[in-house]
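The values are calculated or read from the model by the stated rules, or taken from the named source; none is laboratory data. Computed from a predicted model, the values in this text were never measured in an experiment. Neighbour counts run over all protein chains shown; Cβ positions are idealised from the backbone, glycine included.
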Amino acid sequence: MIAQLVHENRSVLGRFQRLIRQGRLAHAYLFIGPHGIGKGQTALAVAKQINCENKADHQGRGYCGRCSACRRIDSGNHPDVTRIGSGQDSSIRIAEVRQIIGRMQLKPYEAAMKIFIIEQIEDLTLEGSHALLKTLEEPSPDSLFLLTTDVLEKNLGTIRSRCHAVYFFPEQRGQLAQALAHGSDLEPDRCHFLASYAQGYAGRAQLFWEQGLIKRKNAYVDRLVLKRNDTAFLKKIAADRQQTQELLDILLTWFRDMLVWKSGGGQEHLIHMDRIEDLKRMAQQYTRQQTEDIIHEIVRNARLLAENLNIKIAMQILMEKIWLK
């Protein structure tokens, strides 16, 4: 299992450590960044920084992670930390915002501050957005709002203007790979694959691991790239739109790696480092032009799939080009 640590943005946590230490916390922050980059876990980590009973700085996070307060925040049972909109529903209803308004008017049960985490505020209904806006306009002095959004422009400008913006950017892939290795028993090359395939997004890397992507991608490579002519397996994949998209993504990164290798790129620039010997052997079997033609065909298939067209024949043509060698 990959540790939750990889979800947390270290630079953001460092910023909040300083703000907490200096007593300069604002009443509302808006975490902005793509889905899967770790905004929600970082918001929970800030809540632990504020409420940690030991005030210990474990691994540079600013909280111990072991005290009663930290454990209850992780389990969703801390009375002064409220979290809604973490992806269970497609919209955040007015009733949930009103519940927060009611809690905001009460004194904290045991902490110095009540913390409200609202994720993906672009999913707020219009009524909910206006209720939240009124709350942000008249905050209580012992309340902190940590809001997250995948797309800043989807939110009311009046809400955005009442929050301090905190932007999240992808981690360096090497750093993410190291964090993945530190938090799991995965081999370094597999951590490199997850970090690179996830494009530096820790949340995506975690999800790929939990969903067994490495096992499936190896099956694609073994049965459709190296073994070849496994038409029964191809038909099974092509019958499922999601698996077809995943197969195309894997094929694109595989042949992209081959092109990088043929062009003299170093191993550090590859994605499929865990199959480096297979990549090298395949790169010798195809010319640069053949590799580029296959990449163009993969992109064409992906475009057809996005347009909801039947691509079974197109997939067969693609695989025949791959199986020529």
- [ ] Pull up the stretch 7-56, narrow it to residues that are assigned to a loop (DSSP other than H, G, I, E, B) and within 18 Å of I121 (Cα to Cα), then point me to the one that is farthest from the chain's Cα centre (by Cα).
- [x] H27
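Looking at I94, I84, I73 in this structure, which one is at pLDDT below 90, of a type outside the set (F, W, Y) and within 22 Å of L207 (Cα to Cα)?
Numbers: I94 fails: within 22 Å of L207 (Cα to Cα); I73 fails: at pLDDT below 90.
I84 is the lone residue from the list that is at pLDDT below 90, of a type outside the set (F, W, Y) and within 22 Å of L207 (Cα to Cα).
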- [ ] Residues being part of a helix (DSSP H, G or I) and of a type in the set (S, T, N, Q): count how many of those fall in the stretch 160-219.
- [x] 6
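For (1) of a type in the set (S, T, N, Q); (2) surrounded by fewer than 16 Cβ atoms within 10 Å (Cβ to Cβ); (3) under 23 Å from I37 (Cβ atoms); (4) modelled with pLDDT of 85 or more, each residue gets a yes or a no:
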site: K134; (1), (2), (3), (4): no, yes, no, yes
site: S143; (1), (2), (3), (4): yes, no, no, yes
site: L152; (1), (2), (3), (4): no, yes, yes, yes
site: Y167; (1), (2), (3), (4): no, yes, yes, yes
site: S184; (1), (2), (3), (4): yes, no, yes, no
TODO: Would you check if there is a residue in the stretch 50-60 being surrounded by fewer than 18 Cβ atoms within 10 Å (Cβ to Cβ) and either modelled with pLDDT of 85 or more or touching a Lys or Arg at 6+ places or on another chain (Cβ under 6 Å) (or both)?
DONE: yes
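Here is a yes/no grid of residues against (1) surrounded by 14 or more Cβ atoms within 10 Å (Cβ to Cβ); (2) modelled with pLDDT of 90 or more; (3) in contact with a Lys or Arg (Cβ under 7 Å, 6 or more places away or on another chain); (4) not small (G, A, S):
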site	(1), (2), (3), (4)
I214	yes, yes, yes, yes
K227	no, no, no, yes
D230	yes, no, yes, yes
R256	yes, yes, no, yes
H296	no, yes, no, yes
I311	yes, no, no, yes
- [ ] Would you check if there is a residue in the stretch 74-90 being closer than 24 Å to G33 by Cβ and part of a helix (DSSP H, G or I)?
- [x] yes
Task: Boolean, Q178 is surrounded by 15 or more Cβ atoms within 10 Å (Cβ to Cβ) and in contact with a Leu (Cβ under 9 Å, 6 or more places away or on another chain) - done: no
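Yes/no per residue for (1) under 25 Å from the mean Cα position of the chain (by Cα); (2) of a type in the set (V, I, T); (3) closer than 24 Å to S68 by Cβ:
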| site | (1), (2), (3) |
| --- | --- |
| I101 | no, yes, no |
| P108 | no, no, yes |
| A111 | no, no, yes |
| I121 | yes, yes, no |
| E127 | no, no, no |
| E138 | no, no, no |
| S143 | no, no, yes |
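So is D278 closer than 17 Å to D189 by Cα, touching a His at 6+ places or on another chain (Cβ under 6 Å) and assigned to a helix (DSSP H, G or I) or not? Break it down into steps so the answer makes sense when it comes.
On the way: closer than 17 Å to D189 by Cα: yes; touching a His at 6+ places or on another chain (Cβ under 6 Å): no; assigned to a helix (DSSP H, G or I): yes.
Answer is no for this residue.
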